[in-house]
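The values are calculated or read from the model by the stated rules, or taken from the named source; none is laboratory data. Quick caveat, the model's predicted, so the values are computed rather than measured. FYI the Cβ positions are ideal-geometry reconstructions off the backbone, even for glycines, and counts take in every protein chain you see. Quick note on the areas: whole protein, heavy atoms, side chains included, nothing else; ligands and nucleic acids left out. Shrake-Rupley method; radii C 1.70, N 1.55, O 1.52, S 1.80 Å.
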Amino acid sequence: MASCSEEPAATAEEEPTETVTSQKREARLRKFRELHFKRNEARKLNHQEVVEEDKRLKLPSNWEAKKARLEWELAEDDKKKECAARGEDYNRVKLLDITADDAERWERKKKKKNPDTGFAGYAEAQFRQYQRLTKQIRPDMENYEKQKEESGEDFHPTSNSLIYGTHVPTKDGIDRMVEDVEKQIEKRSKYSRRRAYNDDADIDYINERNAKFNKKAERFYGKYTAEIKQNLERGTAV
């Protein structure tokens, strides 16, 4: 009788144990499936990265710059269309968006560039010299404000203003002008120019290159060959 009463108790203890074991198994399987899913996702992402990197390597070296340029041009076209639809001037609207830092940076880039393409004509050379000289001018704002107060409305003359000949330059301004003119004279004196041709000089060369060579040889060996040369000219050479 006692053995019969103990069997149901043992069965009741085994059921919770099996339930816990099955729950742990399900948790492990769920964790395994999650890990398997993450591994597949990582594999797909890695494959996509490899494909994208291969595409980037096959592109030209300046592709990024070209892409940025094309995107900028598309954006500019859209802005132009918007301004045209509103009846506004695109150039004026664009200037309003430019900051002082951007303008200063662009000016520095312009100064780095050398627009000198060689001599094209006297008018172009004179204009380039004018630009170079005006860039060297440093305005005196204190003197500017002083002249503005003294002149009053005549500071901005019109066709009816009678102030011609009333301006007297300062001594510092005259000194600066004299110094600049002297620098120009000194610079021009160093320019290489073609030497004048002397019709009375002896012709001992066959072309321009040979004439330069003879002058160089005369400069170094003339004192040693002067007598031989005179004897050859007189016909008394031994």
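Results, tabulated for the structure shown:
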{"quantity": "Residue that is of a type outside the set (A, V, I, L, M, F, W, C) and either in a loop (DSSP other than H, G, I, E, B) or touching a strand residue (DSSP E or B) at 6+ places or on another chain (Cβ under 7 Å) (or both), where the choices are Tyr205, Tyr221, Tyr130, Tyr144", "calculated": "Tyr205"}
{"quantity": "Members of the stretch 122-161 found to be in contact with a helix residue (DSSP H, G or I) (Cβ under 6 Å, 6 or more places away or on another chain) and touching a residue at least 12 places away in the same chain (Cβ under 8 Å), listed by number", "calculated": "none"}
{"quantity": "Matching option when the condition is in the same structural domain as Asp97 (by the TED database) and either in contact with a strand residue (DSSP E or B) (Cβ under 9 Å, 6 or more places away or on another chain) or loosely packed, with under 10 Cβ neighbours inside 10 Å (or both), among Ala85, Ala68", "calculated": "Ala85"}
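For (1) farther than 30 Å from Lys94 by Cα; (2) assigned to a helix (DSSP H, G or I); (3) open to solvent by 90 Å² or more (accessible area, probe 1.4 Å); (4) touching a residue at least 12 places away in the same chain (Cβ under 8 Å), each residue gets a yes or a no:
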site	(1), (2), (3), (4)
Ala42	yes, yes, no, no
Leu45	yes, yes, yes, no
Pro60	yes, no, no, no
Glu73	no, yes, no, no
Asp77	no, yes, no, no
Lys81	no, yes, yes, no
